[in-house]
Amino acid sequence: MSEGLKIEANGPLVTVRIERGEGNEFTREMCEELSGLLMEPPADARVLLLRSAGTTFCTGRDGSARGASEIRAMARALAEVNVGIVFSDLTVVAEVGGPAAGFGVGLAGLADVTVASSAATFRFPEVAASLAPALVLAWLPHVVGRRMAYWLASTGCTFDAGEAMRLGIINEVVEPESLAKRVDEVVAGLLAAPASVITAIKRDLLSNSWLQMREDSFAAADRLALRALTRADQDHARA
């Protein structure tokens, strides 16, 4: 088990808790473990519950990658998680109790069911770092539409859970003290439904546009890596 994720498998339910300090940022190792779990789950698993320790859900990726090979590997690992959530036979439920940013919004927006606290906030901060959020843009237009995706990515604005629900990024908003209980109710309801039916619903929702999202995600990972390297070279030249 990689440092930063606590995984508990209990029959049909797999719980993944993000435990990596203040920002709960994902490392490459965390991405690889989560994507592997999504695509090769335990034999009797049906639902993967993604929640976090502390008041922050996930503020994105760890920024420690250096050099071409590390940066590209990190970008590909992020893409593998995004694709894994969509294409896994597991139903992915996300519990968002606090701030989510960048890749963290992707975890919430790509999950099959997402319940958020009214204290949660969402944003795409990449533009402030002089980067176009290529991986985000591989999935976000499918959820909110092209024009809204442009707006959210280009402004980097922070929006609350109510707006996230209106945009279709999450399903439901509850008060903080009710969040865990409501998520447990959602999970129980999904586990009570016939497994074959729930799996069929998820598979039937994979329209051609979502099938293309898989290829788009890996192409976006390559663009993201190239842009990050270009920016690093520019920063070095100015130093």
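The values are calculated or read from the model by the stated rules, or taken from the named source; none is laboratory data. As the structure is a computational prediction, the values presented were derived from the model and not from experiment. Every residue, glycine as well, gets a Cβ built from its backbone with ideal geometry; the counts of neighbours run over all protein chains shown.
Structure data summary
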read-out	value
Candidates 38, 78, filtered to the one that is among the aliphatic types (A, V, I, L, M), closer than 26 Å to residue 201 by Cα and more than 12 Å from the chain's Cα centre (by Cα)	38
Residue tally, condition under 15 Å from residue 57 (Cβ atoms) and touching a strand residue (DSSP E or B) at 6+ places or on another chain (Cβ under 7 Å), over the range 16-34	9
Any hit, the range 152-164, residues being on the phi > 0 side of the Ramachandran plot, surrounded by fewer than 18 Cβ atoms within 10 Å (Cβ to Cβ), assigned to a loop (DSSP other than H, G, I, E, B) and touching a residue at least 12 places away in the same chain (Cβ under 8 Å)	yes
Which numbered condition residue 46 fails, given (1) within 15 Å of the chain's Cα centre (by Cα); (2) basic (Lys, Arg); (3) at pLDDT 95 or above	(1)
Enumeration of residues in the range 1-58 that are of a type outside the set (Lys, Arg) and in a helix (DSSP H, G or I)	29, 30, 31, 32, 33, 34, 35, 36, 37, 38, 39
Failed item, numbered, when residue 141 is tested on (1) farther than 25 Å from residue 19 by Cβ; (2) assigned to a loop (DSSP other than H, G, I, E, B)	(2)
Tally of residues being closer than 17 Å to residue 173 by Cα, in contact with a Lys or Arg (Cβ under 9 Å, 6 or more places away or on another chain) and not small (Gly, Ala, Ser) across the range 94-142	6
Subset of the range 185-197 [surrounded by 10 or more Cβ atoms within 10 Å (Cβ to Cβ) and either of a type in the set (Gly, Ala, Ser) or touching an Asp or Glu at 6+ places or on another chain (Cβ under 9 Å) (or both)]	186, 188, 189, 190, 193, 195
Residues of the range 171-200 that turn out to be in contact with a helix residue (DSSP H, G or I) (Cβ under 7 Å, 6 or more places away or on another chain) and assigned to a helix (DSSP H, G or I), as a count	2
Count - residues of the range 52-70 that are crowded, with 20+ Cβ neighbours inside 10 Å and either at pLDDT 95 or above or aliphatic (A, V, I, L, M) (or both)	5
Conditions (1) crowded, with 22+ Cβ neighbours inside 10 Å; (2) modelled with pLDDT under 95; number of the one not met by residue 106	(2)
